[in-house]
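Below: one structure, written as structure tokens.
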Amino acid sequence: MAKKKVKIGFFSLTCCEGCGFAVLDLEEKLLKAFEQIEIVESRVLMEKPSPKASKLDIAFIEGSVISNHDLDKLQEVRKKTDFLVALGACATIVGINGIRNVLPGGIRERLKEKAIKPMREKAFPLSAFVKVDYLLQGCSINEEEFLDFLNKFLHGVKPVLEEVPVCFECKLKENGCLLLKGIACLGPVTYAGCDALCPSNNAQCIGCRGFTKDGNFSSLDSLFKDFGLSKKERFNLFTYFNPLPEKLKDLEGK
Ligand code: SF4
Ligand code: SF4
Ligand code: SF4
């Protein structure tokens with residue numbers, strides 16, 4: 001008897017849908033996996049809109065919760081899904097949607113008034129409301145990492161998150177360190193997995209894979225201060241993708 005296929009759904013909350021398109025970019029590689037999976041819900045990957053599935057083995061959700069509509073959708077998917085994966089920075093750490101969380105109150109209110117759908121006071125990652133079983137980090141996600149996760153899942157191997165900072169991969173690549181040139185790089189406090197993409201191209205890491213649990217934020221912030229970055233510039237850098245770390249609360253308020 002043919003093995004039962006793993007039922008998968010892709011869902012988008014508020015975001016640019018770039019992570020969904022990154023999956024689409026896998027083309028042939030994704031087609032190979034089709035022997036073992038069945039995509040039963042996806043706006044991007046299916047030709048015609050699909051009827052809602054009643055049960056899913058895996059749900060991939062991109063985007064942040066910004067509206068009550070997002071929240072209803074997230075809770076509905078969680079109820080019918082065995083394994084829920086947050087896809088990309090908007091879903092895992094709030095990502096660029098978090099910019100509205102740090103806007104002055106007056107501007108946030110004006111945005112809310114002009115919004116085409118009713119907005120909540122702030123934007124949140126999925127884990128603020130539901131249990132998330134796995135995180136695929138990045139803005140956008142790393143396609144190979146997505147495939148690796150899927151292959152492991154299909155072979156019954158429990159995927160484990162790498163808990164080392166970007167600097168680890170940067171050193172493996174023998175890159176010169178940008179900090180030595182006075183460039184504010186968030187690699188020491190950001191989770192690896194992107195093969196140190198930005199520093200390998202001479203650009204600072206801006207934290208899109210999320211901050212590590214035990215990062216030394218205070219000493220990195222003092223280093224950036226020594227580089228001549230103002231309080232506002234440091235605040236903007238640390239909150240580009242992530243909520244402001246507790247230890248840097250004194251950067252608030254300009
Ligand atoms: S993480 Fe980046 S690429 Fe993915 S949906 Fe959000 S903004 Fe788009
Ligand atoms: S360039 Fe950035 S990521 Fe690379 S070692 Fe230096 S601080 Fe770490
Ligand atoms: S180096 Fe940093 S900002 Fe660049 S892709 Fe990696 S985690 Fe994201």
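Things worth noting here:
- Backbone N under 11 Å from the Lys181 label point (7 Å along Cα→Cβ), restricted to region 197-224: 199-204
- Pairs of Lys residues in region 109-153 are counted when their Cα atoms are under 30 angstrom apart and they lie 8 or more places apart or on different chains; the count is 6.
- Taking amide hydrogens as placed 1.01 Å from N in the peptide plane, the amide H of Ala192 sits under 5 Å from those of Val164, Val166, each at least 5 positions away in sequence or on another chain.
- With Cα atoms defining each centre, region 102-150 and region 180-254 are spaced 20 Å apart in the structure.
- Alpha carbon convex hull of region 58-146, projected area averaged over orientations, nm²: 5.8
- Each helix, a run of at least 4 DSSP H residues, gives -39500 (n - 2.57); summed and divided by the residues of the chain, these come to -8500 deg cm²/dmol at 222 nm.
- Straightening the chain between Leu248 and Ser50 buys 66.7 nm, computed as 0.36 nm per residue apart minus the Cα-Cα spacing.
- Nearby aspartates and glutamates by direct alpha-carbon distance to Lys249 (threshold 17 angstrom, same-chain neighbours under 8 apart not counted): Asp214, Asp221, Glu233
- Annotation: amide H of Cys139 within the under-5 Å range of Ala89, sequence separation 5 or more or interchain, hydrogens built in the peptide plane.
- The H on the amide N of Ile37, modeled in the peptide plane, is under 5 Å from the matching H of Val6, each at least 5 residues off or on a different chain.
- Think of the chain as a dipole: +1 on every Lys or Arg Cβ, -1 on every Asp or Glu Cβ, centred on the Cα centre; then among Gly106, Val160, Gly138, Gly106 lies furthest on the positive end.
- Max mean-square fluctuation residue, GNM over the chain, Cα-Cα springs under 10 Å, options Val160, Val102, Val85: Val160
Laboratory data are not the source of any read-out in this text; all were calculated from the coordinates shown. Because the structure is predicted, anything quoted here is derived from the model rather than measured. Glycine also receives a Cβ, built like all others from the backbone with ideal geometry; neighbour counts cover every protein chain displayed.
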